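The values are calculated or read from the model by the stated rules, or taken from the named source; none is laboratory data. All values reported here derive from a predicted model rather than from experimental measurement. Please note: Cβ atoms are built from the backbone with ideal geometry, for glycine as well, and neighbour counts cover all protein chains shown.
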Amino acid sequence: MTASFALALHGGAGTISPHLMTPEKEQQYRAGLLAALEAGHAVLREGGSALDAVERAVRSLEDNPLFNAGRGAVFTHDGHHEMDAAIMDGRTRAAGAVAGARTVQNPISAARLVMERTDHVLLGYPGADNLAREHGLPTQPVEYFFTQHRYDQLQEALQEGRVRLDHSHAQPTGAPAAAPNEDPKKKMGTVGAVARDQHGNLAAATSTGGMTNKRYSRIGDSPIIGSGTFADNRTCAISCTGHGEFFLRAVVAHDISCLMEYRGLSLEEACRIVVHDKLAPVGGEGGLVAVDAAGTVVLPFNSEGMYRASITSAAPEPYVAIYRD
Ligand code: ASP
(Lines give C-alpha, C1' and ligand atoms only; values in the text may rest on other atoms or scores of the structure.)
Protein backbone atom coordinates (compact mmCIF):
# COMPACT_ATOMS: atom_id res chain seq x y z
CA MET A 1 0.00 0.00 0.00
CA THR A 2 1.39 3.43 -0.88
CA ALA A 3 2.08 5.81 1.98
CA SER A 4 -0.49 8.52 2.47
CA PHE A 5 -0.25 11.98 1.02
CA ALA A 6 -2.48 15.04 1.10
CA LEU A 7 -2.73 18.39 -0.64
CA ALA A 8 -4.94 21.40 0.09
CA LEU A 9 -5.03 24.83 -1.51
CA HIS A 10 -6.89 28.12 -1.38
CA GLY A 11 -7.58 30.98 -3.75
CA GLY A 12 -8.61 33.55 -1.14
CA ALA A 13 -11.30 34.04 1.47
CA GLY A 14 -13.85 36.81 1.93
CA THR A 15 -17.30 38.02 1.00
CA ILE A 16 -18.08 35.24 -1.42
CA SER A 17 -21.68 34.10 -1.75
CA PRO A 18 -23.73 32.38 -4.49
CA HIS A 19 -25.86 35.43 -5.29
CA LEU A 20 -22.68 37.38 -6.18
CA MET A 21 -21.59 34.73 -8.65
CA THR A 22 -22.65 33.73 -12.16
CA PRO A 23 -22.53 30.03 -13.09
CA GLU A 24 -19.89 30.79 -15.73
CA LYS A 25 -17.62 32.58 -13.27
CA GLU A 26 -18.05 29.88 -10.68
CA GLN A 27 -17.10 27.33 -13.29
CA GLN A 28 -13.92 29.28 -14.13
CA TYR A 29 -12.85 29.47 -10.50
CA ARG A 30 -13.54 25.79 -9.94
CA ALA A 31 -11.55 24.92 -13.06
CA GLY A 32 -8.64 27.07 -11.84
CA LEU A 33 -8.64 25.39 -8.44
CA LEU A 34 -8.87 21.92 -10.00
CA ALA A 35 -6.00 22.60 -12.40
CA ALA A 36 -3.79 23.71 -9.51
CA LEU A 37 -4.84 20.70 -7.47
CA GLU A 38 -3.98 18.37 -10.30
CA ALA A 39 -0.57 20.05 -10.77
CA GLY A 40 0.33 19.40 -7.13
CA HIS A 41 -1.36 16.01 -6.97
CA ALA A 42 0.71 14.72 -9.90
CA VAL A 43 3.87 15.42 -7.90
CA LEU A 44 2.63 13.66 -4.75
CA ARG A 45 1.16 10.68 -6.59
CA GLU A 46 4.52 9.95 -8.15
CA GLY A 47 6.31 10.08 -4.80
CA GLY A 48 7.59 13.65 -5.21
CA SER A 49 8.17 16.08 -2.37
CA ALA A 50 5.61 18.20 -0.56
CA LEU A 51 7.82 21.18 -1.38
CA ASP A 52 7.61 20.56 -5.12
CA ALA A 53 3.86 19.92 -4.86
CA VAL A 54 3.03 23.21 -3.13
CA GLU A 55 5.30 25.18 -5.46
CA ARG A 56 3.69 23.56 -8.51
CA ALA A 57 0.16 24.20 -7.26
CA VAL A 58 0.86 27.83 -6.40
CA ARG A 59 2.57 28.48 -9.73
CA SER A 60 -0.57 27.28 -11.48
CA LEU A 61 -2.67 29.75 -9.48
CA GLU A 62 -0.12 32.55 -10.06
CA ASP A 63 -0.39 32.04 -13.82
CA ASN A 64 -4.19 32.28 -13.71
CA PRO A 65 -5.35 35.92 -14.01
CA LEU A 66 -8.44 35.19 -11.90
CA PHE A 67 -6.40 34.98 -8.72
CA ASN A 68 -4.69 37.79 -6.81
CA ALA A 69 -1.15 36.49 -7.17
CA GLY A 70 1.38 36.61 -10.00
CA ARG A 71 -0.41 37.51 -13.21
CA GLY A 72 -3.66 38.61 -11.53
CA ALA A 73 -2.00 40.61 -8.73
CA VAL A 74 -3.90 43.71 -7.58
CA PHE A 75 -2.65 47.26 -8.16
CA THR A 76 -0.84 49.39 -5.60
CA HIS A 77 -1.78 53.04 -4.99
CA ASP A 78 0.88 54.07 -7.52
CA GLY A 79 -0.50 51.74 -10.19
CA HIS A 80 2.19 49.07 -9.84
CA HIS A 81 2.19 45.49 -8.61
CA GLU A 82 4.12 44.45 -5.51
CA MET A 83 3.92 40.73 -4.97
CA ASP A 84 4.68 38.83 -1.76
CA ALA A 85 5.30 35.09 -1.42
CA ALA A 86 6.74 32.55 1.01
CA ILE A 87 7.57 28.86 1.06
CA MET A 88 8.59 26.63 3.97
CA ASP A 89 9.96 23.12 4.21
CA GLY A 90 8.58 21.31 7.27
CA ARG A 91 11.38 18.74 7.19
CA THR A 92 14.17 21.21 7.95
CA ARG A 93 12.12 24.31 8.78
CA ALA A 94 14.04 26.11 6.07
CA ALA A 95 12.08 29.02 4.64
CA GLY A 96 12.30 31.63 1.90
CA ALA A 97 10.20 34.67 1.10
CA VAL A 98 10.00 37.73 -1.15
CA ALA A 99 8.16 41.00 -0.63
CA GLY A 100 7.41 43.67 -3.20
CA ALA A 101 8.53 41.69 -6.26
CA ARG A 102 7.49 43.46 -9.47
CA THR A 103 8.70 41.53 -12.47
CA VAL A 104 9.18 37.86 -11.62
CA GLN A 105 6.42 35.75 -13.20
CA ASN A 106 6.24 33.30 -10.31
CA PRO A 107 7.06 34.92 -6.97
CA ILE A 108 6.73 31.54 -5.22
CA SER A 109 9.72 30.25 -7.19
CA ALA A 110 11.67 33.37 -6.23
CA ALA A 111 10.84 32.58 -2.60
CA ARG A 112 12.19 29.07 -3.09
CA LEU A 113 15.38 30.54 -4.54
CA VAL A 114 15.79 32.65 -1.40
CA MET A 115 15.42 29.49 0.68
CA GLU A 116 17.76 27.31 -1.35
CA ARG A 117 20.31 29.67 -2.86
CA THR A 118 20.89 32.37 -0.25
CA ASP A 119 21.72 32.60 3.45
CA HIS A 120 18.60 34.70 3.99
CA VAL A 121 14.91 34.18 4.62
CA LEU A 122 13.20 37.33 3.31
CA LEU A 123 14.28 39.57 0.42
CA GLY A 124 12.39 42.75 -0.40
CA TYR A 125 11.79 45.01 -3.38
CA PRO A 126 14.44 45.19 -6.15
CA GLY A 127 16.50 42.52 -4.41
CA ALA A 128 13.78 39.92 -4.92
CA ASP A 129 13.59 40.56 -8.66
CA ASN A 130 17.38 40.83 -8.98
CA LEU A 131 17.84 37.39 -7.41
CA ALA A 132 15.18 35.91 -9.69
CA ARG A 133 16.82 37.42 -12.76
CA GLU A 134 20.31 36.28 -11.74
CA HIS A 135 19.03 32.72 -11.48
CA GLY A 136 17.17 32.83 -14.79
CA LEU A 137 13.59 32.79 -13.50
CA PRO A 138 11.18 34.17 -16.12
CA THR A 139 10.33 37.85 -15.65
CA GLN A 140 7.53 39.76 -17.34
CA PRO A 141 6.91 43.33 -18.52
CA VAL A 142 4.33 45.42 -16.65
CA GLU A 143 1.68 44.69 -19.32
CA TYR A 144 1.68 41.02 -18.33
CA PHE A 145 0.35 41.94 -14.90
CA PHE A 146 -2.32 44.31 -16.23
CA THR A 147 -5.85 43.00 -15.84
CA GLN A 148 -8.76 45.33 -16.48
CA HIS A 149 -10.81 44.25 -13.48
CA ARG A 150 -7.88 44.85 -11.12
CA TYR A 151 -7.35 48.27 -12.66
CA ASP A 152 -11.04 49.09 -12.18
CA GLN A 153 -10.76 47.96 -8.57
CA LEU A 154 -7.90 50.42 -8.04
CA GLN A 155 -9.94 53.29 -9.50
CA GLU A 156 -12.81 52.45 -7.12
CA ALA A 157 -10.47 52.16 -4.16
CA LEU A 158 -8.84 55.49 -5.05
CA GLN A 159 -12.27 57.13 -5.16
CA GLU A 160 -13.17 55.59 -1.82
CA GLY A 161 -9.82 56.75 -0.49
CA ARG A 162 -9.08 53.51 1.28
CA VAL A 163 -7.01 50.40 1.02
CA ARG A 164 -9.13 47.47 0.05
CA LEU A 165 -8.81 43.82 0.84
CA ASP A 166 -9.21 42.18 -2.52
CA HIS A 167 -11.98 39.82 -1.52
CA SER A 168 -14.04 42.20 0.61
CA HIS A 169 -16.95 44.45 -0.23
CA ALA A 170 -16.15 47.62 -2.12
CA GLN A 171 -18.51 49.61 0.09
CA PRO A 172 -17.38 51.21 3.32
CA THR A 173 -18.77 49.71 6.51
CA GLY A 174 -22.45 50.56 6.86
CA ALA A 175 -23.06 50.98 3.13
CA PRO A 176 -25.58 48.73 1.38
CA ALA A 177 -24.42 45.26 0.50
CA ALA A 178 -22.99 44.61 -2.94
CA ALA A 179 -25.53 44.36 -5.73
CA PRO A 180 -26.44 40.92 -7.09
CA ASN A 181 -24.09 39.85 -9.84
CA GLU A 182 -21.47 42.33 -8.71
CA ASP A 183 -18.20 41.32 -10.27
CA PRO A 184 -17.22 38.26 -8.24
CA LYS A 185 -13.56 38.84 -8.97
CA LYS A 186 -13.67 41.46 -6.24
CA LYS A 187 -13.99 38.56 -3.86
CA MET A 188 -10.77 36.91 -4.94
CA GLY A 189 -7.62 36.81 -2.91
CA THR A 190 -4.29 35.39 -2.14
CA VAL A 191 -3.38 31.83 -3.11
CA GLY A 192 -1.66 29.11 -1.13
CA ALA A 193 -1.07 25.40 -0.73
CA VAL A 194 -0.03 22.88 1.92
CA ALA A 195 1.00 19.26 1.45
CA ARG A 196 2.14 16.08 3.13
CA ASP A 197 4.13 13.78 0.86
CA GLN A 198 4.54 10.00 0.90
CA HIS A 199 7.75 10.38 2.92
CA GLY A 200 5.90 12.16 5.71
CA ASN A 201 7.28 15.61 4.95
CA LEU A 202 5.15 18.75 5.13
CA ALA A 203 5.43 22.04 3.19
CA ALA A 204 3.50 25.30 2.85
CA ALA A 205 3.47 28.05 0.21
CA THR A 206 1.57 31.34 -0.10
CA SER A 207 1.57 34.03 -2.82
CA THR A 208 -0.29 37.32 -3.13
CA GLY A 209 -0.57 40.72 -4.72
CA GLY A 210 -1.65 41.99 -1.30
CA MET A 211 -4.32 44.67 -1.02
CA THR A 212 -5.62 47.02 -3.71
CA ASN A 213 -4.42 50.63 -3.25
CA LYS A 214 -1.74 49.61 -0.74
CA ARG A 215 1.07 52.17 -0.39
CA TYR A 216 4.30 52.97 1.42
CA SER A 217 5.65 49.52 0.51
CA ARG A 218 3.02 47.81 2.69
CA ILE A 219 3.74 44.13 3.34
CA GLY A 220 1.05 41.72 4.57
CA ASP A 221 1.17 38.43 6.42
CA SER A 222 1.74 36.15 3.42
CA PRO A 223 5.57 36.42 3.21
CA ILE A 224 6.04 36.54 6.98
CA ILE A 225 7.09 33.14 8.25
CA GLY A 226 4.87 32.18 11.18
CA SER A 227 2.06 34.59 10.27
CA GLY A 228 0.78 33.73 6.80
CA THR A 229 2.95 30.70 6.11
CA PHE A 230 4.47 27.99 8.30
CA ALA A 231 5.49 24.31 8.14
CA ASP A 232 6.96 21.95 10.69
CA ASN A 233 6.92 18.16 10.25
CA ARG A 234 6.27 17.76 13.98
CA THR A 235 2.97 19.65 13.84
CA CYS A 236 1.46 21.05 10.65
CA ALA A 237 1.76 23.10 7.47
CA ILE A 238 -0.39 26.25 7.12
CA SER A 239 -1.13 28.82 4.41
CA CYS A 240 -3.39 31.76 5.33
CA THR A 241 -5.60 34.22 3.47
CA GLY A 242 -7.39 37.22 4.88
CA HIS A 243 -6.84 40.70 6.24
CA GLY A 244 -3.07 40.60 6.64
CA GLU A 245 -2.73 43.13 9.44
CA PHE A 246 -4.82 40.92 11.75
CA PHE A 247 -3.00 37.76 10.72
CA LEU A 248 0.33 39.47 11.37
CA ARG A 249 -0.61 40.55 14.88
CA ALA A 250 -2.06 37.14 15.73
CA VAL A 251 0.97 35.27 14.27
CA VAL A 252 -1.69 32.87 13.04
CA ALA A 253 0.21 30.00 11.45
CA HIS A 254 2.76 29.64 14.23
CA ASP A 255 0.08 29.97 16.90
CA ILE A 256 -1.69 26.92 15.47
CA SER A 257 1.57 24.97 15.43
CA CYS A 258 2.25 26.01 19.05
CA LEU A 259 -1.20 24.92 20.22
CA MET A 260 -0.47 21.50 18.77
CA GLU A 261 3.08 21.30 20.07
CA TYR A 262 2.64 22.72 23.58
CA ARG A 263 -0.96 21.87 24.36
CA GLY A 264 -1.25 18.67 22.39
CA LEU A 265 -4.34 19.83 20.50
CA SER A 266 -5.46 18.27 17.25
CA LEU A 267 -5.03 20.32 14.07
CA GLU A 268 -8.78 20.83 13.87
CA GLU A 269 -9.09 22.09 17.43
CA ALA A 270 -6.05 24.38 17.11
CA CYS A 271 -7.43 25.87 13.88
CA ARG A 272 -10.86 26.39 15.42
CA ILE A 273 -9.42 28.33 18.36
CA VAL A 274 -7.27 30.59 16.20
CA VAL A 275 -9.68 31.24 13.30
CA HIS A 276 -12.97 31.42 15.22
CA ASP A 277 -12.12 32.29 18.83
CA LYS A 278 -9.16 34.59 18.33
CA LEU A 279 -9.36 36.16 14.86
CA ALA A 280 -13.11 36.49 14.32
CA PRO A 281 -13.95 38.55 17.45
CA VAL A 282 -11.38 41.23 16.56
CA GLY A 283 -12.49 41.44 12.91
CA GLY A 284 -9.72 39.30 11.47
CA GLU A 285 -11.66 38.06 8.46
CA GLY A 286 -10.21 35.13 6.54
CA GLY A 287 -9.19 31.53 6.69
CA LEU A 288 -6.45 29.05 5.96
CA VAL A 289 -5.59 25.61 4.65
CA ALA A 290 -3.78 23.19 6.92
CA VAL A 291 -2.43 19.65 6.98
CA ASP A 292 -0.90 17.73 9.89
CA ALA A 293 1.79 15.06 10.11
CA ALA A 294 -0.79 12.29 9.61
CA GLY A 295 -2.16 13.91 6.45
CA THR A 296 -5.36 15.26 8.02
CA VAL A 297 -6.63 18.27 6.06
CA VAL A 298 -8.53 21.16 7.70
CA LEU A 299 -9.90 24.15 5.76
CA PRO A 300 -11.33 26.63 8.31
CA PHE A 301 -12.53 30.18 7.58
CA ASN A 302 -14.63 32.77 9.37
CA SER A 303 -15.60 34.70 6.23
CA GLU A 304 -18.59 34.04 3.98
CA GLY A 305 -16.57 31.86 1.71
CA MET A 306 -13.13 30.64 0.75
CA TYR A 307 -12.01 29.27 -2.58
CA ARG A 308 -10.54 25.93 -1.58
CA ALA A 309 -9.69 22.46 -2.82
CA SER A 310 -8.08 19.32 -1.45
CA ILE A 311 -7.20 15.77 -2.30
CA THR A 312 -5.77 12.93 -0.25
CA SER A 313 -4.59 9.42 -1.02
CA ALA A 314 -7.30 8.10 1.32
CA ALA A 315 -10.11 9.81 -0.65
CA PRO A 316 -8.71 10.49 -4.10
CA GLU A 317 -11.84 12.32 -5.38
CA PRO A 318 -10.96 16.02 -5.50
CA TYR A 319 -12.89 18.28 -3.12
CA VAL A 320 -13.55 21.78 -4.49
CA ALA A 321 -15.69 24.32 -2.66
CA ILE A 322 -16.32 28.05 -2.52
CA TYR A 323 -19.13 28.76 -0.04
CA ARG A 324 -19.83 27.41 3.40
CA ASP A 325 -20.67 23.71 3.36
N1 ASP B 1 -3.36 38.19 3.41
C2 ASP B 1 -3.14 38.98 2.24
C3 ASP B 1 -2.52 40.30 2.61
O4 ASP B 1 -2.95 40.89 3.58
C5 ASP B 1 -4.39 39.28 1.48
C6 ASP B 1 -5.29 38.11 1.17
O7 ASP B 1 -5.19 37.06 1.76
O8 ASP B 1 -6.13 38.25 0.27
O9 ASP B 1 -1.66 40.77 1.91
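Inspection of the stretch 197-211 identifies at least one residue that is crowded, with 22+ Cβ neighbours inside 10 Å, under 23 Å from Arg150 (Cα atoms) and more than 12 Å from the chain's Cα centre (by Cα). For Thr76, the conditions (1) of a type in the set (Val, Ile, Thr); (2) touching an Asp or Glu at 6+ places or on another chain (Cβ under 6 Å); (3) surrounded by 24 or more Cβ atoms within 10 Å (Cβ to Cβ) are fulfilled apart from (3). Would you check if Lys186 is within 20 Å of Ile322 (Cα to Cα), at pLDDT below 95 and not β-branched (Val, Ile, Thr)? Here the answer is yes, as Lys186 does meet what is asked. The residues of the stretch 225-254 that are within 10 Å of the ligand (Cβ to nearest atom), assigned to a loop (DSSP other than H, G, I, E, B) and not hydroxyl-bearing (Ser, Thr, Tyr), listed by number, are Gly228, His243.
Can you pull out the residues in the stretch 79-122 that are in contact with a helix residue (DSSP H, G or I) (Cβ under 8 Å, 6 or more places away or on another chain), of a type in the set (D, E, K, R) and surrounded by 19 or more Cβ atoms within 10 Å (Cβ to Cβ)? Within the stretch 79-122, Asp84, Asp89, Arg102, Arg112 meet the criteria.
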